[in-house]
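Undergrad: After the structure tokens below, expect a handful of questions from me.
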Amino acid sequence: VPGVRFAPRPRRAEARGAGMTTAQPRLLVAAAASGSGKTTIVCGLLAALYRRGLRVVGYKVGPDYIDPGFHRAAGHCEVLSLDTWLTPPAVMKGLFARTSRGADVAVAEGVMGLYDGGRGGVSSSAEIAKLLGLPVVLVVDARSMGQSAAAVALGFREYDRSVDLHGVILNRLGSASHRDTIAEALERVGIPLLGAVMRDEALALPERHLGLVPEAETHDAAQLDRIREAVERGVDVEALLAVARSAPPLPLPPEGARHRAAKDVRIAVARDLAFSFYYPDSLSALEDRGAELVPFSPMQDETLPEADGVILGGGFPERFAEELAANVTMRRSVARAAERGVPILAECGGMMYLCRSITDMEGAAFEMAGVLPASCRMQHRLEAVGYVEARALRDTVLGPAGTLLRGHEFHFSAMTPEAEDFPWAFRVERKRTGAAHSGGYARGNVLASYLHLNLAGLPDAADSFLARCRAFRSASAGGR
């Protein structure tokens, strides 16, 4: 789904100029640490709210693509990212105001632990909560803990009192007595208990090397129902709604009228089980600028659709390498498009597809599109994760040499050049460590790298890509 199209309802104050505020009901479900089960809790909550007939909109803090898929399925709603590295804070605040308008409640899931993010806490759940005035509910995994769970919650509340922490949901409890022990301790330190979910392996969501298996691959409605039932049994949903409605008025940045340009350029966007990692607001940034987005499947379609540009997003091409390799006509179609000068932007999994081959974790090699003189091999350890800055070493479809882009990397594969004069696209600096390396490929109208980008936060890059696409359209035989 390229963008958000909620029909506005005259409900609360809306942002149209300086000094405007909103009292949109909203809350953030955070956790003490990764793996605490906050995605499961959020899915159950969204499903419960939807079942009550409420119109919800979901958000995920940070650069995650996978959790939002489960949120969408559970809440039957659009889900967007909240990230102050990939989008400037003012842009993020405007995005939240625009997309939450008209919903009965906005529910955001945090990232990692409440105070974890990039270096200095950038784009942490706590930072987002303070910027957007989000009341916070903390999920604590209570396995192997008794009263210590209350001490954890107390520490999280006291660490930064400007974070509006309203209470705790205990997860993975072993028994009613286990719950009561922690509830008594929470009462002593004045932290409300808003829910208690018992340990149940049947509620677990499937995982693999990049985290959860995408919902599109599992699509288990019965599992989401089990999660909803567990949350409705153990969590005080009405109390959470009261928390959401307690959110203070939120000052909003000025927002002019949002106009979408007339569609004058067609962009083919890879959308299937192998390529599903897209930020809706990133694609909307292209639509706002006059792009018609045309989905296609590198796994199933015979050839590229007629288009003036191509975007190959991230995903799991290694998981579907056999199917991608077997679709010879599509691989040739993509290679011919690159030869013809069609602007191509490929991120992470999309870059892997453009290589000569992908070798999976079992050591099997599969032929790919062959646009890049390079090969990709899956590793058994994480190769890179975290926010990065990438400075262009040459002109690319996203801007001239010297352009600085903010992005995120998360991959288990390694790309190996197979040409001496390999045209590296970027000098990439990891923001957590300061380590720098050459990355990506840029030649002609092809740009491929491990970078995940949000074009809503990179308006000049979005304009540059569409300018290349329009130039290609004009230069093509007679146009259309």
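The values are calculated or read from the model by the stated rules, or taken from the named source; none is laboratory data. Just so it is clear, the model here is predicted, and its values are computed rather than measured. Using ideal geometry, Cβ is built from the backbone for each residue, glycine included, and neighbour counts are taken over all protein chains shown. Just so you know, the surface numbers come from the protein's heavy atoms only, side chains and all, with ligands and any DNA or RNA stripped out. Shrake-Rupley method; radii C 1.70, N 1.55, O 1.52, S 1.80 Å.
Undergrad: Enumerate the amide H contacts of Val446 below 5 Å, restricted to partners 5 or more residues apart or on another chain; note that Pro and chain-start residues carry no placed amide H.
TA: Distant-sequence amide H within range of Val446: Ile344.
Undergrad: If you don't mind, there's one more thing I want to ask. If the viscosity is 0.692 mPa s and the temperature 37 °C, what translational diffusion coefficient in µm²/s does Stokes-Einstein give for segment 298-373 when Rh comes from Kirkwood over Cα pairs?
TA: Roughly 268 µm²/s, to the nearest whole number.
Undergrad: A further question follows. I need the phi-derived Karplus couplings for segment 363-375: 6.51 cos²θ - 1.76 cosθ + 1.60, θ = phi - 60°, integer Hz, Gly and Pro marked x.
TA: Going residue by residue, I get x, 7, 9, 10, 6, 10, 6, x, 6, 9, x, 7, 10 Hz, with x marking Gly and Pro.
Undergrad: Give me the number: length gained by fully extending Glu322 to Leu404, i.e. 0.36 nm times residue separation minus the C-alpha to C-alpha distance, one decimal in nm.
TA: So the chain would gain 25.9 nm between Glu322 and Leu404.
Undergrad: Heavy-atom accessible area of Ser375 with all protein chains present, probe 1.4 Å, nearest 10 Å²?
TA: So the heavy atoms of Ser375 present about 20 Å² to solvent.
Undergrad: For segment 358-480, what does the equivalent ellipsoid look like in terms of its semi-axes, each the square root of 5 times an eigenvalue of the Cα gyration tensor, given largest first in whole Å?
TA: Sorted largest first and rounded, they come to 26, 20, 13 Å.
Undergrad: What fraction of the DSSP beta bridges in segment 265-338 is antiparallel, stated in percent and rounded to the nearest 5?
TA: 20
Undergrad: Oh, and also: Tell me, what HN-Hα J-couplings in whole Hz come from the Karplus equation 6.51 cos²θ - 1.76 cosθ + 1.60 at θ = phi - 60° for each residue of segment 153-162, using x for Gly and Pro?
TA: In residue order, the calculated couplings are 4, 4, x, 5, 5, 7, 4, 8, 5, 6 Hz.
Undergrad: Here's a follow-up. Can you give me the distance in nm between label points at Ala90 and Arg51, each placed 7 Å from the Cα along the Cα-to-Cβ direction?
TA: 4.4
Undergrad: Can you give the direction-averaged projected area of the convex hull of the alpha-carbon atoms in segment 94-172, in nm²?
TA: Projected over every direction and averaged, the Cα hull of segment 94-172 covers 6.2 nm².
Undergrad: What shape does segment 388-452 have by the C-alpha gyration tensor, where a ≥ b ≥ c are the square roots of the eigenvalues, rounded means a/c under 1.5, and otherwise prolate means a/b greater than b/c and oblate the rest?
TA: The shape class here is oblate.
Undergrad: Let me ask another. Give me the log10 of I(q) over I(0) for segment 339-421 at q = 0.15, 0.17, 0.21 Å⁻¹, as the Debye formula computes it from C-alpha points; what are the numbers?
TA: Per q value, in the given order, log10 I(q)/I(0) is -0.65, -0.82, -1.16.
Undergrad: Return the percentage of antiparallel bridges among DSSP beta bridges fully within the chain, rounded to the nearest 5 %.
TA: Restricted to the chain, the bridges split so that about 45 percent are antiparallel.
Undergrad: Once you have the Cα-Cα distance between Glu418 and Arg260, take 0.36 nm times their residue separation minus that, and quote the gain in nm to one decimal.
TA: Length gained, Glu418 through Arg260: 52.6 nm.
Undergrad: Quick one: compute the contact order of the chain, relative version, from alpha carbon pairs under 8 angstrom and 6+ residues apart, as a percent.
TA: Once divided by the residue count of the chain, the mean separation gives 15 percent.
Undergrad: Classify segment 151-206 from the C-alpha gyration tensor, please: rounded if a/c falls under 1.5, else prolate or oblate depending on whether a/b exceeds b/c.
TA: The shape class here is oblate.
Undergrad: Could you tell me the relative contact order of segment 399-480? Use alpha-carbon pairs under 8 Å, at least six residues apart, and round to a whole percent.
TA: 27
Undergrad: Please compute the net charge surrounding Ser81, taking Lys and Arg as +1 and Asp and Glu as -1 over other residues with Cβ under 9 Å from its Cβ.
TA: -2
Undergrad: Let a ≥ b ≥ c be the square roots of the eigenvalues of the Cα gyration tensor of segment 259-412; is it rounded (a/c under 1.5), or, if not, prolate (a/b larger than b/c) or oblate?
TA: oblate
Undergrad: To one decimal place, what Kirkwood hydrodynamic radius in Å is obtained for segment 28-142 from all pairs of distinct Cα atoms?
TA: Computed over Cα pairs of segment 28-142, the Kirkwood hydrodynamic radius comes out at 13.9 Å.
Undergrad: State the number of lysine pairs found in the chain whose Cα atoms come within less than 18 Å, restricting to pairs 8 or more positions apart or on distinct chains.
TA: Eligible lysine pairs with Cα atoms under 18 Å apart amount to 4.
Undergrad: How many angstrom lie between the C-alpha centres of segment 174-198 and segment 40-96?
TA: 27
Undergrad: Further question on the same structure: Could you give me the ³J(HN,Hα) list for segment 325-338, computed from phi with Karplus coefficients 6.51, -1.76, 1.60 and θ = phi - 60°, whole Hz, x at Gly and Pro?
TA: 5, 5, 7, 5, 5, 5, 4, 5, 5, 5, 4, 5, 4, 4
Undergrad: If R₀ is 45 angstrom, what is the calculated FRET efficiency for the pair Tyr159 and Glu367, using the beta carbon separation as r and rounding to 0.05?
TA: Efficiency, rounded to the nearest 0.05: 0.30.
Undergrad: So if I place +1 on the C-beta of Lys and Arg and -1 on the C-beta of Asp and Glu, and nothing else carries charge, what would the dipole magnitude of the chain be about its Cα centre? I want it in debye, nearest 20.
TA: 1300
Undergrad: May I ask for the equivalent-ellipsoid semi-axes of segment 118-245, computed as the square root of five times each C-alpha gyration tensor eigenvalue and listed largest first in whole Å?
TA: For segment 118-245, the semi-axes come out at 25, 21, 15 Å.
Undergrad: Highest mean first, what order results for 152-162, 319-329, 452-462 on Cβ atoms within 10 Å?
TA: Highest mean packing first, the order is 452-462, 319-329, 152-162.
Undergrad: So how long is each side of segment 170-247 along the principal axes, counting just the alpha-carbon atoms, biggest first, in Å?
TA: 44, 31, 24
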